[in-house]
Structures are given as C-alpha cells and as structure tokens.
Amino acid sequence: MSLEQRYIGEILVRRGALEPEKLEVALETAANRAIDLRDFLVATHTVEDDKVVRALADEVGMEFIEKIATELIPEGLIDAVPINFARQHHVLPLTQTDDSVRVAIANPLDPFPIDDLRILLGKMIVPVAASEETIDDAINRVYERKDETALAEAKEGEEVEELRDLIDMTDEAPVIRWVNNLFYTAVKERASDIHIEPTDEKVIVRYRIDGRLIPRKEANRGFLASIVSRVKIEAGLNIAEKRLPQDGRITKKIAGKVVDVRVSTIPTAKGERVVMRLLDKETVLLNLIDLGFARRELDQLEHLITRPNGIILVTGPTGSGKTTTLYGCLNKINTPEKNILTAEDPVEYELRGIGQMQVQPKIGLSFASGLRSFLRQDPDVIMVGEIRDHETAEIAIHASLTGHLVLSTLHTNDAPSAITRLVDMDVQAYQISSSVLAVLAQRLVRRLCEHCRTPYTPNAQDLRELGIDAASAQEKLAELKRVAATTVLGDRNSGIPALPGPAGSSPSDLIFYHPDGCDECSNTGYRGRIGIFELMIIDEPVRREILNNSDAKTIQRVAQHQGMRLLREDGARQVVAGVTSVEEVLAATQAAEV
C-alpha cells in the first residue's frame, strides 16, 4: 500500500471517521485487491463517502458543502467544462466572479483537476468539497437541463422533420446524453419502468415509481425518431422496422449498479411507443422478513415451505409482488441438499444454485411442457410462474402428490377465489383438497416516508373504512394493536419508526399518519412499497368446504373462523403500525372487496 493511501487512512482516523483498529485491515485488504482505500471503505460501508470527504476537507482547511443548488449554476459556466471531464474527476463549477470560479470537488487532496480547470477557465479556482454522490447527481441534473432545453425547443419557423438520417440523428450528443440520463434518473428515483410516449406536439416520459406513473421529462416531437432509434441501437433492435412490435434487452451499469433493462416497442397512431422495465439485480428483495408479514403469517409460511410435498399458491393482480414473494420462499429453502427448478416468463432475477428456465410458447415450451420435463430432473422443489390452464394445473397436482413441493401463482382477487379458479380449470375438488397446502393473496401498498409523514388521530370514518364498526371497536382495536406490534420488518426496512401510541383500546389512543412530501420522497409522501397479505391455510374445515364444492364466500367465512385475516384487515395492521396510510389500503383492497 502506497504512502498516500496510508496518509489518507491516518487522516480518517485522526478526524474520527474511521476506527483505528479497522485501518490496518482495510489497508491490507485494499492492497490485496489492488483498489483505492477510499473506494474499498465506501464499497464495504465501513465509512460513508461524505464522511471521508468531510475529513479530508477538514484536514486541508477546505469548506465542505452537503447540497448543490444546480438551478443557480450559470449555463455558460457549464458549457465551458466538458461533461466527460466533470464526470471523470468528479468536479463541477458552481459560481463565478470576474477573476475566480467556485468549484465543487470530491477529492480535496488531488490538485490536478484544479490545475486543469484553472487553464480551461482562465480564472483562479476556489475549491469546495462535496461527496461524489452529490457532485455526480448535480452533474447529471445540470447537463440534463442543458440537453432538455436543446430537445424541447425547435428553432422558430423550423418545421419538424422526421425523415432525417436516423444514424446521424442518434449520433447527436444531446440525444445520447438525454437517453442515458433517462436511465440514471430512473435508478436514482427507484423507478421500475420508463415510458416514452409520443403525442401530437411532444414526447412525454413517465416513470413508474412505487406503482404510480409520474410524468418526468418532455422533448420536442421532432426528436422522437432519434430517441427511439437510440434506445433500439442499445437494445440491439432493428431501427428500420417501425411497423411491428419489437422486444430487446439492455444491460447497463448505472451509479455502480448493474441494471437489466427489458425494452418493448410498439407502433401507435402517434409514432413508436417505448416501455423499458428496469430490474436492479442488487436490490431485489430475497428475504421473507423484508416483505412486511405479521409474525404469525410469517411463521406459518416458513413452516409450509419446508413441507416435502404439496402446492402453495400466491395470488393477486399483475404487479402485486407475487414473484418477489416466491423468490423469497425459494431463497429461504435454497440449500445444497435441495434440487430446485423454476419455469418463469421471463426469468427476472437469477438465483444462485437454482435451475431457472424461461418458457417460450412460440417453440412449444409452455409452463405445462416445462413442468412435465421437470419431473424427470429429480426435483425437490418446483416453481411454476403461473398456472394458466387445466394441463398445467393437472401436472402441478400430480407433482405435489408424487413427493414434490410446488410453488406457483394465480390471478385472483383473494385467497378463497383461488379454489374456484382451479375448479373453473376443471380440476376436481378432491384433487384440490388433497394437494393444496395454502393460498396467499397479497397486494403492495406504498410506505409512508419516515422523514415527512404527519400524525393525526383517526375519526370514526377512518375506522369504518378499515372495517372497524362502532359496535366492536374496542375489541378490534385491541386486536389490531396486538397484531401490529408483531409486524416483522427486516434490515432493509429499519428506517420505519417504532409503533405509535400506547396499547389502549379506543380511537383516541391511536395515531395514524398522512403522507406529506419532502425532498427524500420526491414530494410524494411515500418511499418504497410493502405487502399486505391474506394467508388461507387449507386445514380440515376448509378442506370439507372444498369437497362440498362451496362457493368462495362460504370458504372465506370458514377460513376467517379459523383465524384468517382478510386483505383489508391486514392493511389495517400496517396502518396501525404506522407503515402506510388509510388511503393506500383502500386503493389496494377495493378489487378484493368487489
């Protein structure tokens, strides 16, 4: 390890950013891996990057800033500094006077970028320190502003022309940077999808964040062809084909994260429409404790997935987190002693030690044919992406009865409806009762931002909407508080505060929360999502109703008598726990109530 790296380590220790006993280990490990000490400390979360920069700035007597007001940076100052230079050295000019320029830098000990900027700008440089994340985010925002101005404004009197050479158009730097910034902003704001939609006058970009589509960017209609073609080139699609839908894939490294992007284009009356789904392989939830279960349901599910045979079904509409729950189950039971196979459409995340197969109906590889082949692969556990037809259901039941644990999904509104859905597929009642272990219905609700949520005392209307009537209010509130106190929140959810209110039994004892909005949550009042669940165990009373061909409502009443909580009741648990709002629970459970 060089003397420079040791000097940096000693500064961090002297300034209280790093514990002395960790320095030698960090120096040795960084040297063995041939990486910079600072990069190693930040990557391993030993020290936060802003603490490193602050310590180095204090050492040399340099000012440290936490935020950069990008709207105050003059555009002429940005034009003078190439974006590649700014990104490579993590520097950004902020303000200027007649003889000096104030510049944010991420490494107070590196004089070379400052010397280069002095020559480039022809003025004295006044450096201030900021973290790499702060500077990189500001770089993207200020250069994005410049590119959006270029893409949003057409020259006065100039007609929009879409028949220009596409290759020439996509080589324009503003378009390339604008498209790249779509991905950067999407990852920064935790978006799951990017929608590029043409209208008569403009191109609108919307991000799906926490399940909601939010407009974020616009460009002039004349740039539609160049934007779409740039995306197609990255996805390996045919830029000349505009009449047919196309599907492709992009793998990008964005802000240190490897993101898999699924690209879909379709022709519309206004032009080609592009939707890109972002799959961040590093942030997928793979632990059941991260999903928001109450302790009883979590214990029951963890017990069920250790059974040697049977079927466990997860139900809910598209986008309700069914696949994430199944991945969490597989991750829990994934050991070298088990042979686990999955048939998915598509394979969203690769799980180490598990055989994953993507179905391809065009060549005859359906869920049914894949499942049939799995039985010859000596599996212990099988996951089928979805039971869609009688054939798939029959094979799944056969697999469960011959000693395999089968996990799959169905599209139904609640847990009891899964039974009638199987009956509609011509599955016999005795087959269902003898093979299905449990049905888990679920929805996703947005989590309140812990930085800005606003407390209030609920009124009778709030309680009625959650299914708590005046006659049974005391009993139900006491039960809700008891269950809310058992909510399991994993390490990823450690930001959620402790449960509000004392363990009383009247509305005045309760504290609910409204969304407000702040910079942390992009002024939405919510940040992230969490599940609400309805777990129906197929025990003897429920099994009798299945054999009697009872309807879903009858099965639901029996399951409730056995202790099953409905989706809205479990949503009330999350409201009482201070995790989400009444409005979110009502929006998520209306379909189930209907």
Checked against the positive end of the charge dipole of the chain (+1 on Cβ of Lys and Arg, -1 on Cβ of Asp and Glu, about the Cα centre), the farthest of 176, 31, 279 is 279
Pairwise label distance in nanometres, residue 365 with residue 176, each label 7 Å out on the Cα-Cβ vector: 3.6
Peptides 327-340, 69-82: what's the order by average Cβ count within 10 Å, highest mean first? 327-340, 69-82
Segment 507-594 accessible area per residue, 1.4 Å probe, protein heavy atoms, integer Å², reads 42
What's the carbon and sulfur percent of segment 292-366's accessible surface, probe 1.4 angstrom, rounded to a whole number? 48
One-quarter of the Cα convex hull surface for segment 179-334, in nm²? 11.4
Out of the DSSP beta bridges found with both residues in the chain, what percent are antiparallel (nearest 5)? 65
Once you keep just the Cα pairs under 8 angstrom separated by 6 or more residues, what percentage relative contact order results for segment 352-442? 24
Given a Förster distance of 51 angstrom, what is the FRET efficiency for residue 238 paired with residue 474, based on the Cβ-Cβ distance and rounded to 0.05? 0.15
How large is the helix-only mean residue ellipticity at 222 nm for the chain, computed as the sum of -39500 (n - 2.57) over DSSP H runs with n ≥ 4, divided by its residue count, in deg cm²/dmol to the nearest 500? -12000 deg cm²/dmol
Give the cysteines in the chain for which no other Cys Cβ lies under 4.7 Å away, or write none if there are none. 329
Under a 1.4 Å probe, what is the accessible area of segment 1-115 per residue, stated in Å²? 55
Compute the separation of the alpha-carbon centres of segment 393-414 and segment 1-20 and state it in Å as a whole number. 57
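Assuming 1.567 mPa s and 4 °C, estimate D for segment 368-486 with Stokes-Einstein, Rh taken as the Kirkwood radius over Cα pairs, in µm²/s.
Estimated via Stokes-Einstein, D reaches 72 µm²/s.
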Using amide H atoms built in the peptide plane, which far-off residues or other-chain residues are under 5 Å from residue 193 H to H? 208, 278
Any idea of the accessible area per residue across segment 260-403, 1.4 Å probe, to the nearest Å²? 44
For segment 41-56, in order, what is each residue's ³J(HN,Hα) by Karplus, 6.51 cos²θ - 1.76 cosθ + 1.60 with θ = phi - 60°, in whole Hz (x at glycine and Pro)? 5, 6, 5, 8, 6, 6, 9, 6, 4, 5, 6, 5, 5, 4, 5, 5
Just to be sure I understand: if I project the alpha-carbon convex hull of segment 534-594 onto a plane and average over all orientations, what area do I get in nm²? 4.4
Less than 28 Å apart at the alpha-carbon level, and either on another chain or at least 8 residues along: which lysines does that give for residue 476? 553
FRET efficiency for residue 519 and residue 549, using Cβ-Cβ distance with R0 set to 60 Å, rounded to 0.05: 0.60
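The values are calculated or read from the model by the stated rules, or taken from the named source; none is laboratory data. Nothing here was measured: the structure is a model prediction, and the numbers come from that model. Here the Cβ is made from the backbone with ideal geometry for all residues, glycine too, and neighbour counts use every protein chain on show. Accessible surface areas use protein heavy atoms only, side chains included; no ligands, DNA or RNA. Shrake-Rupley method; radii C 1.70, N 1.55, O 1.52, S 1.80 Å.
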